[in-house]
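The values are calculated or read from the model by the stated rules, or taken from the named source; none is laboratory data. Every value quoted in this text rests on a predicted model; they were computed, and no experiment measured them. Virtual Cβ from ideal backbone geometry, glycine too; neighbours counted across all protein chains shown.
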Amino acid sequence: MSEGSGFTSMADARSAGDVPEIGIGMLGYAFMGKAHSHAFLNIAHMMYPPPAIPKLVGIAGRNAEAVQEAARRYGYANAYTDWREMLANDQIQLFDNGGPNDAHAEPCIAAAQAGKHILCEKPLGRTAEESKSMLDAVQKAGVKHMVAFNYRFVPAIRQIRKLIESGALGKIYHFRAIYLQEWIMPHYNTPLIWRLQKEQAGSGALGDLGAHIIDLARYLVGEISTVSAMTKTFIPERPKLDGSGMGKVDVDDAFAAVIEFENGALGTLEASRFAAGRKNGQNLEINGEKGTIRFNLERMNELEVFWIDDEPKETRGFHNVLVSEPYHPWWENWWPQGHMIGWEHTFVHEVTHLLDCIVNDKAVSPIGADFEDGYRAAVVCDAILDSSTSKRQVDCTY
């Protein structure tokens, strides 16, 4: 679909067989279902030429009325209240699992056994053991698999990785990351939702927010070898959703960890859902022998960079870099420089990458996070919980 192809529209391309269609089956119609559906609907227009045209075949959820409304809203051909019935539809080639954490393993394993490619929201599983069972299933089936660590697809994050790979930072000494939100603080009166229950969520801020920065630590710096951590639950009981009284919160509200990487770098990780004023406050800093890079997710099109050999010395300091030039990652698909993109566009990049891997038989990793990456992030999560409980330093055994 390059210049000179002779096609004047996507319809022309499809009719000529130039761009294949891939049938999508979505589990979940809420937050992530909306984000992923938005991405599928935008690929053909913006990621041009697209590797494939997503065909929205089916969407599944427990509430019949809500899932039917989601199907109408996003344009899915079919609505299901049973994901098993949806997976039986032979038109579905890619299963997108945006369900709660306790609905990750069984549907994904079933999808793999049915020969479907899989995109699964993070964390991959509630535990490393559950994540390993999912990894084993996709490897046995030989399907493409991706965990939706969408922050790998922020252009600025991808640019950081390129700088590190080029040697521009030299040896990496430190990685620091925090991920802070406020949405379950007392003034929000949040009841005992599934994210606050271990049986459904696996963990709290650790799996919800910490998994993201654990993945970014691995993506940018390398494998994590040891952790020393603490977790904290600030409100141990909350009102049950059915109004029958109070129920126990048995996951963490916050954690803090010191980590060591296999390459010798030292790191710190912190996440909390009790940080007043923080809406989606993810901040990273990487210190190397030749400079430092800082990133703030709430200013996601920017980087702060310091180079120790900057000249003249009188003006040496941190520089703000606007990551919006045509030569920056993915920007050739968007707008003229300085015309910003947002959080939702990370999903467009993410699912386009997966479609490309499916159509052209490419490896999902290292650009995207595959189930191996999801499993390794889960190992680190488990090690953090183990360290907090045992009050000792714990090795990450993959």
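Within the range 176-206, the residues that satisfy the criterion of being more than 19 Å from S387 (Cα to Cα), assigned to a helix (DSSP H, G or I) and in contact with a Phe, Trp or Tyr (Cβ under 8 Å, 6 or more places away or on another chain) are Q200, A201.
Out of everything in the range 259-282 that is in a strand (DSSP E or B) and out of contact with any Leu (no Cβ under 7 Å at 6 or more places or on another chain), what residue ends up being surrounded by the most Cβ atoms within 10 Å (Cβ to Cβ)? The qualifying residue surrounded by the most Cβ atoms within 10 Å (Cβ to Cβ) is L269.
Checking D90, D96 one by one, the residue that is under 19 Å from E21 (Cα atoms) and under 17 Å from the mean Cα position of the chain (by Cα) is D96 and no other. It is to be established whether one or more residues within the range 212-221 are in a strand (DSSP E or B) and either surrounded by fewer than 23 Cβ atoms within 10 Å (Cβ to Cβ) or among the hydrophobic types (A, V, I, L, M, F, W, C) (or both). Checked against the condition, which is being in a strand (DSSP E or B) and either surrounded by fewer than 23 Cβ atoms within 10 Å (Cβ to Cβ) or among the hydrophobic types (A, V, I, L, M, F, W, C) (or both), the range 212-221 yields no hits at all.
Yes or no, residue by residue, for (1) touching an Asp or Glu at 6+ places or on another chain (Cβ under 8 Å); (2) in contact (Cβ under 8 Å) with a residue 40 or more places away in the chain:
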site: T127; (1), (2): yes, yes
site: V143; (1), (2): no, no
site: A148; (1), (2): yes, yes
site: V154; (1), (2): no, yes
site: K162; (1), (2): no, yes
site: K171; (1), (2): yes, yes
site: E182; (1), (2): no, yes
site: M185; (1), (2): no, yes
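Counting only residues that are farther than 21 Å from S37 by Cα and polar (S, T, N, Q), which one in the range 334-369 is nearest to the chain's Cα centre (by Cα)? By that ranking, first place goes to S365.
Is it the case, given these coordinates, that F40 is closer than 18 Å to E350 by Cβ, modelled with pLDDT under 95 and not charged (D, E, K, R)? Break it down into steps so the answer makes sense when it comes.
On the way: closer than 18 Å to E350 by Cβ: yes; modelled with pLDDT under 95: no; not charged (D, E, K, R): yes.
So F40 does not fit the description; no.
In the range 121-168, of all residues being charged (D, E, K, R) and not in a helix (DSSP H, G or I), the one that is farthest from K362 (Cα to Cα) corresponds to R126.
Condition check ((1) touching a Leu at 6+ places or on another chain (Cβ under 6 Å); (2) within 29 Å of A229 (Cβ to Cβ); (3) outside the structural domain of Q282 (by TED's automatic domain parsing); (4) surrounded by fewer than 21 Cβ atoms within 10 Å (Cβ to Cβ)) across all residues:
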residue	(1), (2), (3), (4)
K144	no, no, yes, no
K171	no, yes, no, yes
A177	yes, yes, no, no
L180	no, yes, no, no
H187	no, yes, no, yes
T190	no, yes, no, yes
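So, in the range 283-301, of the ones that are surrounded by fewer than 17 Cβ atoms within 10 Å (Cβ to Cβ) and farther than 13 Å from A177 by Cα, which residue ends up nearest to the chain's Cα centre (by Cα)? My answer is E298. The condition (being surrounded by fewer than 20 Cβ atoms within 10 Å (Cβ to Cβ) and among the aliphatic types (A, V, I, L, M)) is satisfied by just one residue among A105, A71, A30: A30.
Listed by first and then second residue, the pairs linking a residue in the range 355-368 that is assigned by TED's automatic domain parsing to the domain that holds A112 and within 19 Å of L216 (Cα to Cα) to a residue that is at pLDDT below 95 and outside any loop (DSSP other than H, G, I, E, B), with Cβ atoms under 7 Å apart and 6 or more places separating them unless they lie on different chains, form an empty list.
Tell me yes or no: at least one residue of the range 10-30 is over 21 Å from E344 (Cβ atoms), assigned to a loop (DSSP other than H, G, I, E, B) and at pLDDT 95 or above. So far as the range 10-30 goes, yes, one or more of its residues are over 21 Å from E344 (Cβ atoms), assigned to a loop (DSSP other than H, G, I, E, B) and at pLDDT 95 or above.
Based on this model, can you work out whether F255 counts as in a strand (DSSP E or B), under 23 Å from the mean Cα position of the chain (by Cα) and under 21 Å from T346 (Cβ atoms)? Spell out how you get there, then give the answer.
Details: in a strand (DSSP E or B): yes; under 23 Å from the mean Cα position of the chain (by Cα): yes; under 21 Å from T346 (Cβ atoms): no.
No, not satisfied.
Would you mind finding the one in D82, D102 that is over 23 Å from L355 (Cα atoms) and in contact with an Asp or Glu (Cβ under 8 Å, 6 or more places away or on another chain)? Exactly one residue qualifies, and that residue is D102.
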